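FYI, it's all coordinate maths here, none of it is from the lab. Note that the structure is a prediction, hence the values are computed from the model and not measured. All Cβ positions, even for glycine, are placed from backbone atoms using ideal geometry, and neighbour counts span all protein chains on display.
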Amino acid sequence: MDPFCSLREIAGRPPRSGHSLAGHCSRTPEANVTATTHPLPSRLSARGRWTVLAVCCLSMFLVGLDTTIVNVGLPAIGRGLEVGTRGLEWVVDAYTLVLASCLISSGALADRFGRRRVFQCGLAVFGTASLLCALAPSVGVLVAARALQGVGASMLSPVALAIVVNTMPDPKERAQAIGIWASVFGLSMAAGPLTGGALLAWLDWRALFWINAPVITAALLLSAVFVPESRAPRTRRLDLPGQILLTLVLTAVVGVLIEGPHIGWTSPAAFTGYAVAAVATAGFLRAESRRSEPLMDLSLFTRPAFSGAVVGAVAVFVALNMTLLLNTLYLQHTRQWTPLATGLATLPLAVGATVCAPWSGRLVGTTGPRLPLLLAGAFITAGALCLVRLTPHTSLLLLLASYAFIGIGFGFANAPITNTAVNGLPPAQAGVAGAITSTARQVGAALGIATAGGLVTTTAPTGLAHASRPGWMLVAACGGLLVLLARTAGRRTASAARRRR
């Protein structure tokens, strides 16, 4: 789910001229469908509906928490498993790669087999993977377990959103529910670095994964009792060839970025990676263009607004994840800060994102996507440029201000990107567009980690600040790209509105 999309759109209120249709911010097509094959949700009491929301929010909390709690613990994991930056990149990217690859297919599975069933399966997979992460004796086992976590996470956030939308038939109540959902995601991201730092102050890195156990247990028990089963009236076929090819494309691209600095960009292994990525991409495009129900509707990319939104989604998450990794390595390796101090330092970033996300949604609903996109790009660029001249002795005030700027930019970015992606589309296509945009975000996360790690992977701790400067320039460029998108977003939205009339 995109936790930062406009609440007006999801709630089903009539959109203002020039803005997207109701319900278009969902990550998966089934989230746009409020009718089910079972009448149970309409019979739920108010307490029952809000209990369902609480259960689903638990899953969103897990997904957000595991995004940030692992980043702050990477140095501790490296020491514990005697692995360098190269292996740590895979620890993070194994999760995001699989999550990006499986998001859309998880929605199709929920359509066919039932949302509660797939949701509970996701919880079980995520919990089992967390246990394997905590017990991992080597980095290889940890990477495999993190990939399994990604499979579980892909069944949680999009399917849980569909459950919430299906359970809340009243538009006003649904708007409140989605608002709480967004706040929980922001809270989980804010809590991740601080929680991870606190755990590492007293325990070893394995506690970062043990902490999932009570949340998983509670969510499984509560979902069995309170969450009703539901399905979409029309199921979609699972595009298995498209799923395999997409996973192969992403793995090849990210794999080359991570391994390139070590094996050499012109080595036979690197050229093998290039070839696999190229052939898999060509195969994916060919296969998807011929299927009646493809994993990705490639015709959407003929719309400049949609293509721009996808590029923007990748750019935002490249910027965020490069910031998280470069910040963690700099503070803990160069400045020798504890994990707890590192978590506290990143709090302005998380708080900025949490505070500005709902504000961005309201701005999109009243003025369109142009202004929040412009603000997002300006703040991300400003924060990154402050860090371009980073040294081992950069003042704490400048660091905190820079992190806050990037967090504010991240908070402003997501709602207008989703709005631009789905604006002017019928509900069926809007759901697919939202799913592709969410996939693009996870692709950006994987690329950001791989790129940042490649910049500093062979650098001594004392040289990290200097080695990271190209990374901060790239983060600034991502912000600049959002500013460029903002210059055309308003005109494209108005054009879409005229076509609808």
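Quick notes on this structure:
- Sequence-separation-based contact order of region 266-396, relative, with Cα cut under 8 Å and 6+ spacing, percent: 11 percent
- Panel order for His262, His393, by other beta carbons found within 10 Å of each beta carbon, from fewest to most: His393, His262.
- What the phi angles of region 162-167 give under the Karplus curve with 6.51, -1.76 and 1.60, with θ = phi - 60°, is a coupling list of 4, 5, 4, 4, 5, 7 Hz, glycine and proline written as x.
- Phe271 paired with Arg389, simple spin-label distance in nm, labels 7 Å along Cα-to-beta-carbon: 4.4 nm
- Placing one equal scatterer on every Cα of region 240-290 and applying the Debye formula, the log10 ratio I(q)/I(0) at q = 0.27 Å⁻¹ is -0.91.
- Vicinal HN-Hα couplings computed from phi for region 402-419 (Karplus, 6.51 cos²θ - 1.76 cosθ + 1.60; Hz; Gly/Pro x): 5, 5, 5, 4, 5, x, 4, x, 4, x, 6, 7, 6, 4, x, 5, 5, 4
- Legend: calculated FRET efficiency, Thr338 to Val483, from the Cβ-Cβ distance at R0 = 51 Å, rounded to 0.05, equals 0.90.
- Averaging Cα coordinates gives a centre for region 260-304 and one for region 48-115; these two points are 24 Å apart.
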